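Structure first, then comments.
Derivation of every value follows stated rules applied to the coordinates shown; laboratory data play no part. Only a predicted model underlies this, so the values are computations on that prediction, with no experimental measurement involved. Methodologically, a virtual Cβ is constructed for each residue, glycine included, from the backbone with ideal geometry; neighbour enumeration extends over all protein chains shown.
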Amino acid sequence: MLGLKLPTDPRWVNIAEKNISEILTDHAFCEQKAASTAISLIVTYPELSDLVREMAALAREEMSHFEMVHKKIVERGFTLGRERKDEYVARIGQFFPKTGDRNLRLVHRLLIAALIEARSCERFKVISENIGDDELAKFYFMLMKSEAGHYTLFLKLARQYGDRDVVDALWNDLLHFEGEVIRDFGKREFIHG
């Protein structure tokens with residue numbers, strides 16, 4: 001369903017389990033950044049009422065996820081660590097060339113957001129199916145379903161604001177690029193790392 005070209009090695013969960021506080025901190029900031037992306041799209045494209053409505057709802061949901069992850073951090077006796085640079089997102093963000101076409105920039109941003117949500121969904125599935133902690137398994141299974149909805153939302157919006165054939169070709173190219181990029185990740189205690 002997600003179209004990802006390279007699945008996460010389930011052994012990544014072994015790294016995650018040994019570094020739960022790090023994974024939870026990274027996850028919390030991923031949720032915060034997702035909310036920030038939604039707000040940034042509202043600020044940049046205020047004239048697109050459908051987009052504004054969807055992104056306002058998404059920003060609220062992502063911040064509620066941030067709060068849920070933060071609660072898990074506190075319940076486990078940890079504190080929220082410092083934000084880390086997401087090297088995966090930085091690499092994915094380099095795929096599309098800069099363009100002066102405002103609408104095309106929107107399509108690019110929506111496709112990148114869709115891809116990040118798809119990979120997060122896939123990682124949450126891997127965690128939910130392989131972690132020894134039943135509470136976190138249930139938590140990540142619940143969040144996996146939400147991430148799938150976000151992925152489909154961004155892809156739907158990209159197709160709404162761009163030519164469907166062009167968007168689908170760009171999406172396919174981006175998926176292949178991500179399949180190469182992800183080979184360098186999955187060895188550290190980050191959601192995308």
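Calculated FRET efficiency, Lys71 to Ala137, Cβ-Cβ distance, R0 = 25 Å: about 0.90 to the nearest 0.05. This ranking places Asp26, Asp163, Asp86 by how few other beta-carbon atoms lie within 10 Å of each, fewest first, which gives Asp163, Asp86, Asp26.
Using a cut-off of 13 Å between beta-carbons, work out the net charge of the residues near Thr37 (Lys and Arg +1, Asp and Glu -1, Thr37 not included). Before the final figure, lay out each step's value.
Values: positive: Lys33, Arg109; negative: Glu31, Glu54, Glu61, Glu62, Asp86, Glu117.
Combined, the nearby Lys, Arg, Asp and Glu give -4.
Fully extending the segment from Asp184 to Arg105, taken as 0.36 nm per residue of separation minus the present Cα-Cα distance, adds 25.8 nm.
Considering only Leu2, Ile20, Ser40, the residue lying farthest towards the positive end of the dipole of region 1-42 is Leu2, judged by Cα position with unit charges set on Cβ. Volume per residue of the convex hull around the Cα atoms, evaluated for region 78-193, comes out as 121 Å³. Couplings for region 112-126, taken from phi via the Karplus curve 6.51 cos²θ - 1.76 cosθ + 1.60 with θ = phi - 60°, read 5, 4, 4, 5, 4, 5, 5, 5, 4, 4, 5, 5, 5, 5, 4 Hz in order; Gly and Pro are left as x.
Note on region 1-141: Cα-only Rg and Dmax are 16.3, 49 Å.
When the P(r) of region 81-133 is calculated, the portion above 12 Å amounts to 73% of the C-alpha pairs. As a calculated quantity, the FRET efficiency between Asn14 and Gln160 at R0 = 41 Å, using C-beta atoms, amounts to about 0.50.
At a Förster distance of 25 Å, what's the computed FRET efficiency of Ile39 paired with Lys145, Cβ-Cβ distance as r, to 0.05? Result of the calculation: an efficiency of 0.60.
Given q = 0.23 Å⁻¹, what are the Debye log10 I(q)/I(0) values for region 1-63, with equal point scatterers placed on the Cα positions and solvent ignored? Values returned for q = 0.23 Å⁻¹ are -0.91.
Once C-alpha pairs closer than 8 Å and six or more residues apart are averaged by separation and normalised to the residue number of the chain, the relative contact order reads 34 percent.
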